[in-house]
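Structure first, commentary second.
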Amino acid sequence: YSTIKTVITKSGINPRDIAGVSISALYGGSGIPVDKNYDPIRPCLIWADRRATNECRWLRENIGEDELYRITANVIDPYYGYTKILWIRNNEPVNWAKIHRLETPNAYVIRKLTGMESIDHSSAGNIGGIYNLAKRNWSTELMEELDISRGFFPEKIHNSEEIVGETTSELSNKTGLATGTPICAGGIDAPVSALAGGAILDGDLSSMLGTSMCNGIINTKNRISPKMINYP
């Protein structure tokens with residue numbers, strides 16, 4: 001909250017002139033497990049955490065890479081959030097029993113600002129094995145096979161530009177944002193970075209450099225590859 005307030009203060013912008021806010025964050029991996037009070041249960045297992053090797057082995061032996069790729073357009077790899085979700089289930093049963101929701105980092109911030117739950121398509125798609133890319137929706141079939149509760153995630157998946165909610169009066173005092181400022185669903189860092197860099201047309205390339213380097217291509221013609229991470 002203090003960072004938002006500092007940025008607004010230093011910029012000299014009138015908070016009433018801010019048309020809206022969009023939240024971008026790192027890809028959330030497992031998501032932030034929260035309990036019924038929305039308090040974090042454990043730290044998020046982020047994209048770089050590759051501990052779910054046994055889970056990937058189980059997936060190949062019991063579900064099959066072809067089946068997962070057919071539905072999700074993504075392969076089996078510890079990068080994907082659903083493998084880390086399975087790791088928590090298999091290795092931290094006490095924490096698992098407490099989980100009410102699995103919130104992506106940007107959704108966690110959005111809920112803090114608006115009180116509304118959310119998830120966007122780029123975040124849902126990047127979880128991997130529970131998102132049907134062609135249907136742009138959750139794969140209830142795979143959720144059942146993997147025993148990952150549908151209730152861990154919001155019913156609606158938002159487009160990044162959709163307004164999830166507005167800042168509350170309580171949060172306005174803490175952040176400096178005007179009460180009622182629209183907050184959009186946003187997305188994970190790579191596609192939002194591509195947008196900021198002007199990569200918006202089919203075939204446009206973008207590179208994002210930070211903790212790691214991510215190269216991406218805009219694809220509007222349903223060309224997918226098992227060598228790529230595919231998400232909307």
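Any read-out appearing in this document is the output of simple, stated calculations on the displayed coordinates, not a laboratory observation. This is a predicted model, so every value here is computed, not measured. Virtual Cβ from ideal backbone geometry, glycine too; neighbours counted across all protein chains shown.
Starting with the highest mean, order 19-30, 213-224 by the number of other Cβ atoms within 10 Å, averaged over the residues of each peptide.
Values: 19-30: 19.7, 213-224: 12.7.
Output ranking for 19-30, 213-224: 19-30, 213-224.
In degrees, nearest 10, range 0 to 90: what is the angle between the Cα axis of helix 53-62 and the longest Cα principal axis of the chain?
Helix 53-62 sits roughly 50 degrees off the main axis of the chain.
Write down, largest first, the equivalent ellipsoid semi-axes of the range 31-135 in whole Å, where each equals the square root of 5 times an eigenvalue of the alpha-carbon gyration tensor.
Ellipsoid half-lengths, sorted descending, are 24, 17, 10 Å.
Going by average Cβ neighbours within 10 Å, how do the peptides 74-82, 94-102 rank, with the highest at the top?
Working: 74-82: 22.7, 94-102: 16.2.
Going from most to least packed, we get 74-82, 94-102.
Can you give me the relative contact order of the chain as a percent, contacts being Cα pairs under 8 Å and 6 or more apart?
This gives 24 percent for the chain.
Can you tell me the 0 to 90 degree angle between the C-alpha axis of helix 2-11 and the longest principal axis of the chain, rounded to 10?
For 2-11 against the chain, the angle is about 50 degrees.
Given the options 122, 212, 169, state which has the largest fluctuation in a GNM of the chain using a 10 Å cut-off (strictly under) for Cα springs.
In this elastic network of the chain, the residue with the biggest mean-square fluctuation among 122, 212, 169 is 212.
With everything on Cα atoms, drop me the angle between helix 105-114 and the longest principal axis of the chain, reported from 0 to 90° to the nearest 10.
For helix 105-114, the angle is close to 40 degrees.
Please report the spacing between the Cα centers of the range 57-109 and the range 7-49 in Å, no decimals.
What the calculation gives is 21 Å, centre to centre.
Anyone know which of 92, 67, 103 comes out most mobile in the 10 Å Cα GNM of the chain?
92
Between beta-carbons, use under 10 Å as the cut-off and find the net charge around residue 110, counting Lys and Arg +1, Asp and Glu -1. Let's see the in-between values first.
Numbers: positive: 111, 112; negative: 103, 117, 120.
After counting each charged neighbour, the total is -1.
Which whole-number percent gives the relative contact order of the range 7-103, counting Cα pairs below 8 Å spaced six or more residues apart?
Working: 118 pairs, mean separation 33.9, N = 97.
Taking the mean separation of contacting Cα pairs over the length of the range 7-103, I get 35 percent.
Please compute the net charge surrounding residue 203, taking Lys and Arg as +1 and Asp and Glu as -1 over other residues with Cβ under 14 Å from its Cβ. Working shown, then result.
Values: positive: 221, 223; negative: 202, 204.
Local charge sum for residue 203: 0.
Amide H neighbours of residue 22 under 5 Å, at least 5 residues apart or on other chains, H built in the peptide plane: list them.
Amide H neighbours of residue 22: 184.
Cα convex hull of the range 172-217: how many Å³ per residue?
Working: hull volume 5.0 nm³, N = 46.
Per residue, the Cα convex hull of the range 172-217 comes to 109 Å³.
Could you order peptides 156-166, 108-118 by the average number of other Cβ atoms within 10 Å of their residues, highest first? Spell out each step's value before the answer.
Working: 156-166: 17.6, 108-118: 19.9.
Peptide ranking by packing, descending: 108-118, 156-166.
Using each residue's phi in the range 78-95, evaluate 6.51 cos²θ - 1.76 cosθ + 1.60 at θ = phi - 60° and report the 3J(HN,Hα) Karplus result to the nearest Hz, with x for Gly and Pro.
My calculation for the range 78-95 gives x, 4, 6, x, 5, 5, 6, 4, 5, 4, 4, 4, 7, 10, 9, x, 5, 5 Hz in order.
Provide the per-residue ³J(HN,Hα) series for the range 168-176, in order, calculated from phi with Karplus coefficients 6.51, -1.76, 1.60 and θ = phi - 60°, each as a whole number of Hz, with x at glycine and proline positions.
For the range 168-176, the Karplus curve yields 8, 5, 4, 6, 4, 5, 7, 9, x Hz.
Can you give the Rg/Rh ratio of the chain, where Rg is from the C-alpha atoms and Rh is the Kirkwood radius? Spell out each step's value before the answer.
Working: Rg = 18.2 Å, Rh = 18.6 Å.
Here the Rg-to-Rh quotient is 0.98.
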